[in-house]
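The values are calculated or read from the model by the stated rules, or taken from the named source; none is laboratory data. All values reported here derive from a predicted model rather than from experimental measurement. So basically every Cβ, Gly included, is an ideal-geometry build from the backbone, and we count neighbours across all protein chains shown. Protein only, heavy atoms only, side chains kept; ligands, DNA and RNA dropped before computing areas. Shrake-Rupley method; radii C 1.70, N 1.55, O 1.52, S 1.80 Å.
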Amino acid sequence: MKRLTLAAAVVVLALILCASTVIPNAHSARRDTGGKLKLDAPIPMDPEVAVGKLDNGLTYYIRVNRDPEKRAYIMLAVNAGSVLEDDDQVGLAHFVEHMGFNGTKHFPKQELVKYLESVGVAFGSQANAGTGFDQTVYRLTIPTDTAEIVEKAFEVLEDWARWINMEDEEIEKERGVIVEEWRLGLGAGERILNKQLPVLLKDSRYALRLPIGNKDSLRTFKPDAARRFYRDWYRPDLMAVIAVGDFDPKWIRALVEQHFAEMPPAEKPRPRTAFPVPDHTETLYSIVSDPEKTGTDITLYFKSDPLPEKTLADYRRDLVFRLHEDMFRQRLAELSQKPDPPVLGAMVRDGHFVREKEVYFLASSVKEGGLDRGLDAMLTEVARVKKYGFIEPELRRVKDRWIRVSQWSDQREKVKSDTYAGQCLNHFLNGDPIVNPATQRELYERLMPGVSLEEVNRLSAQWFGSGNCVILVGAPEKEGLSLPTEGELRSVFARVEQASVEPYTEAQMEKPLLAVTPKPGKIVKESKRPALGITEWTLSNGARVILKPTEFDRERIFFTAFSPGGLSLVSTDDFKSVVYGQQVIQSCGVGDFGREDLKKKLMGSIASASVQLYDLTDNCEGKAYAKDVETMFELLYLRFTAPRMCDDEFKAALVKIREYVRNKNADPQRVFQDTIQATITRHNPRYRPMTEAAVDSIDLGTAFRVYQDRFADASDFTFIFYGDFDAATLKPYVRTYIGSLPS
């Protein structure tokens, strides 16, 4: 289970940019004689990943994966980033990365980019690099059906590792380019970040080493400083070559040895120092505004030291963290659905922010002027969880969901190569385990039942204990909008601390989705196309059903349904009401289950059915794990016959839309995009940018009437089912839940 690297907490802060000895793999989790997992055993390594180390210290990871076919995802990872810069090198880790595309031994000047594009490797999307606080990573996505291209790609990696052109003339050319990049990239997010980082990472070296650097350093650094960074840190003991894709692994290993075995180790290597982020007992605050900020957000960070991830006990501990995080996320989500919500949206996550510190953070967007109320709501939920913990139904639901999601995801042939490569990268940089999907599923099923509510609840005191808390506020800078002071935010803490908090309660979810099973319709016509493996049924209500069993997705079933019409039949006056209102209706729940009740009811299932009006069609789409297929059909039936019009959710949605619209024109990019949209649609009133006046005109009743009209007649719908099933198994569900739909 990969711990999240939060080098991109973009939602809130737009944070930073982001011969050989073979290491043996463990093939399965070690068990004792009683069949139980031995928690002191190491986390089993994915046996399909070959991990090795060359004599000079360079590590390599090789894994065969055929999704996508005839492609490979390869990386050169350097365990060195901006935190290692000397005082005269601020911004040069990123600068050196740029130089890698401006000329190397075998690809002088701009020849590298020209060569890559000549063989179909697009610069930016398929050939790129990134510099973070702790690492620099170069990436290539290459075709593997031509041996010459693969061999050249490894030559490119070698050049990046050893032969970047660092001559004075080339450095001076790039200096102007990167200063301009620094200037253009300095938007609201980055400006706010520059002010908040010294608070979030107080008294640490990280606070002084933002990867993009600063303008003064980039303008004045001496070329020798850049060469020194490259010489000191680009060395084999700090490097890994990662290759995942559709290839012969023996060939790839030979290419790794051919290009990297002769790379000399550093004669007097500088220590790869770790830079701690000091603890603090007092709560720290950063309250920042910017004229281009379009929304108001508040984030609570709780920092802690990283924990090991070596043994099954560590894996289990991490699983308990995830369950706690998931339950708390559900609690905050409920706050955002109130008619006048204190928070407009919320996120809960934990992981590595920088390598030497982990964070657990709660992030919320709030209404303009609503920081006090939003912080109060967040802190109240923290206090409620600390005092009373979670309840058994919450834990049971998230356990069920995690197991089902694991079952749904246990399709190893469907995992993309870049995902596997990312696992290898995290293993090299952070020591995160590489666990294949089958082993992960087994561990979930074996470990999950033993996790108790008591041990999950103990985490609340651990995460929300005293000290290491940071409050970050970002808001628009505009006339008439005042931000709270640090003292006012402190008073919210004091107020919540003194307030009485009631325990969390919820209604029982024991009733079925459908109280009465509908009367089945009939199949009045059947036809088959054996060459295509297709069966087609016409039902007594006129609906058409097409079934196509496939072998691509084990135990997974999908459907899509459509009828002609869509938004094309909606008048211009009603257009925005329908476009925005249908999203609210979709989220209101179905039948006797409101939004949150339906989420809770379905949490232990992998089943869904959703509706959408597209430009020319009315659509319903869904999917299910094989064991949950009847739930999918029940949801399909309810989407057609029992939608809900929920006034509270509608009011909450309007608040969120209005907050988005209120300041969107402060963002130059948003204004530019709106201008393009108006131009290419010739100022079509249906596609004009949203305004506050247009928000006021949205009517849920109009949207609901259109919804009911479109899904009141199933006779012109075509339903297409595909996935792992046979027609005989689906027949009773089709007759009961589609054949009974009105026409």
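Within segment 349-381, being part of a helix (DSSP H, G or I) and buried (at least 20 other Cβ atoms within 10 Å of the Cβ) holds for LEU371, GLY374, LEU375, ALA377, MET378, LEU379, GLU381.
What residue, of HIS259, HIS280, is within 30 Å of ASP305 (Cβ to Cβ) and over 29 Å from the mean Cα position of the chain (by Cα)? Testing whether each residue is within 30 Å of ASP305 (Cβ to Cβ) and over 29 Å from the mean Cα position of the chain (by Cα) leaves just HIS280. Is there a residue in segment 716-735 that is modelled with pLDDT of 95 or more, charged (D, E, K, R), more than 29 Å from GLU596 (Cα to Cα) and assigned to a helix (DSSP H, G or I)? Yes, segment 716-735 contains at least one residue that is modelled with pLDDT of 95 or more, charged (D, E, K, R), more than 29 Å from GLU596 (Cα to Cα) and assigned to a helix (DSSP H, G or I). When you check LEU547 against the structure, is it buried (at least 17 other Cβ atoms within 10 Å of the Cβ), modelled with pLDDT of 95 or more and assigned to a strand (DSSP E or B), yes or no? Yes. Look at segment 684-698: where a residue is surrounded by 12 or more Cβ atoms within 10 Å (Cβ to Cβ) and a partner is modelled with pLDDT of 90 or more and among the hydroxyl-bearing types (Ser, Thr, Tyr), sitting 6+ places away or on another chain with Cβ atoms under 8 Å, you get ARG686/THR572; TYR687/THR681; SER697/SER577; ILE698/SER577; ILE698/TYR580. Candidates are the residues of segment 663-683 that are open to solvent by 50 Å² or more (accessible area, probe 1.4 Å) and among the hydrophobic types (A, V, I, L, M, F, W, C); the one that is nearest to LEU481 (Cα to Cα) is VAL671.
Taken as a whole, the structure leaves TYR614 outside the set of residues that are farther than 27 Å from LEU569 by Cβ, among the hydroxyl-bearing types (Ser, Thr, Tyr) and surrounded by fewer than 20 Cβ atoms within 10 Å (Cβ to Cβ). Taking segment 586-671 and the helices (runs of 4 or more DSSP H) fully enclosed by it, the elements with 1 or more residues that are within 30 Å of GLU368 (Cα to Cα) and not hydrophobic (A, V, I, L, M, F, W, C) are at 595-602, 647-663.
Take ASP432 and decide whether it is acidic (Asp, Glu), open to solvent by 10 Å² or more (accessible area, probe 1.4 Å) and either under 30 Å from LEU284 (Cβ atoms) or touching a strand residue (DSSP E or B) at 6+ places or on another chain (Cβ under 6 Å) (or both).
In short, no.
From ALA703, ALA727, which residue is touching a strand residue (DSSP E or B) at 6+ places or on another chain (Cβ under 9 Å) and surrounded by 17 or more Cβ atoms within 10 Å (Cβ to Cβ)?
ALA727
Annotation: GLU334 fulfils all but one of (1) touching an Asp or Glu at 6+ places or on another chain (Cβ under 6 Å); (2) assigned to a helix (DSSP H, G or I); (3) open to solvent by less than 10 Å² (accessible area, probe 1.4 Å); the unmet one is (3). Does ALA653 fit the bill of being buried (at least 18 other Cβ atoms within 10 Å of the Cβ), at pLDDT below 95 and over 30 Å from LEU532 (Cβ atoms)? Yes; evaluated as a whole, the condition is true for this residue. Filtered by the rule that a residue be open to solvent by 20 Å² or more (accessible area, probe 1.4 Å) and modelled with pLDDT under 90, segment 411-429 gives ARG412, GLU413, LYS414, VAL415. Considering ASP159, ASP134, the condition of being outside any helix (DSSP H, G or I), among the acidic types (Asp, Glu) and in contact with a helix residue (DSSP H, G or I) (Cβ under 9 Å, 6 or more places away or on another chain) is satisfied by ASP134 alone. Tell me whether segment 107-119 contains one or more residues that are surrounded by 22 or more Cβ atoms within 10 Å (Cβ to Cβ), at pLDDT 95 or above and either touching a Pro at 6+ places or on another chain (Cβ under 9 Å) or not hydrophobic (A, V, I, L, M, F, W, C) (or both). Checked segment 107-119: no residue is surrounded by 22 or more Cβ atoms within 10 Å (Cβ to Cβ), at pLDDT 95 or above and either touching a Pro at 6+ places or on another chain (Cβ under 9 Å) or not hydrophobic (A, V, I, L, M, F, W, C) (or both). Tell me yes or no: at least one residue of segment 383-394 is open to solvent by less than 30 Å² (accessible area, probe 1.4 Å), under 21 Å from ASP318 (Cβ atoms) and assigned to a loop (DSSP other than H, G, I, E, B). Within segment 383-394 (the criterion being open to solvent by less than 30 Å² (accessible area, probe 1.4 Å), under 21 Å from ASP318 (Cβ atoms) and assigned to a loop (DSSP other than H, G, I, E, B)), the answer is yes, since at least one residue qualifies. Summed over segment 49-77, residues that are open to solvent by 30 Å² or more (accessible area, probe 1.4 Å), among the aliphatic types (A, V, I, L, M) and either at pLDDT below 95 or closer than 19 Å to VAL156 by Cβ (or both) total 0.
Only a single item in (1) farther than 30 Å from LEU201 by Cα; (2) at pLDDT below 95; (3) open to solvent by less than 70 Å² (accessible area, probe 1.4 Å) is not met by LEU15, and it is number (1). Taking the conditions (1) more than 23 Å from LEU238 (Cα to Cα); (2) surrounded by fewer than 17 Cβ atoms within 10 Å (Cβ to Cβ) in turn, TRP163 satisfies each one other than (1). Residue pairs whose Cβ atoms lie under 8 Å apart, sitting 6 or more positions apart in sequence or on different chains, and linking a residue in segment 730-743 that is aromatic (Phe, Trp, Tyr) to a partner that is not in a loop (DSSP other than H, G, I, E, B), are TYR733/VAL629; TYR733/GLU630; TYR733/PHE633; TYR737/PHE633; TYR737/GLU634; TYR737/LEU636; TYR737/TYR637. Take segment 602-629 and flag every residue that is farther than 25 Å from GLN508 by Cα and acidic (Asp, Glu). The answer is ASP615, ASP618, GLU621. Determine whether segment 66-79 contains at least one residue that is part of a loop (DSSP other than H, G, I, E, B) and of a type in the set (A, V, I, L, M, F, W, C). No: zero hits. Could you check, for segment 432-441, whether at least one of its residues is of a type outside the set (S, T, N, Q) and within 17 Å of LEU300 (Cβ to Cβ)? Within segment 432-441 (the criterion being of a type outside the set (S, T, N, Q) and within 17 Å of LEU300 (Cβ to Cβ)), the answer is no, since none of the residues qualifies.
Which residues, taken from segment 465-497, are among the charged types (D, E, K, R) and part of a loop (DSSP other than H, G, I, E, B)?
GLU477, LYS478, GLU479 - these are the residues of segment 465-497 that are among the charged types (D, E, K, R) and part of a loop (DSSP other than H, G, I, E, B).
Could you go through segment 78-90 and let me know if any residue there is touching a Gly at 6+ places or on another chain (Cβ under 6 Å) and surrounded by 17 or more Cβ atoms within 10 Å (Cβ to Cβ).
There is at least one residue in segment 78-90 that is touching a Gly at 6+ places or on another chain (Cβ under 6 Å) and surrounded by 17 or more Cβ atoms within 10 Å (Cβ to Cβ).
Among the residues of segment 498-510, what is the count of those that are part of a loop (DSSP other than H, G, I, E, B) and either among the hydrophobic types (A, V, I, L, M, F, W, C) or modelled with pLDDT of 90 or more (or both)?
Restricting attention to segment 498-510, the residues satisfying the condition of being part of a loop (DSSP other than H, G, I, E, B) are 499-510.
Pick out the ones that are also either among the hydrophobic types (A, V, I, L, M, F, W, C) or modelled with pLDDT of 90 or more (or both) and you get 499-505, 507, 509.
Number of matching residues: 9.
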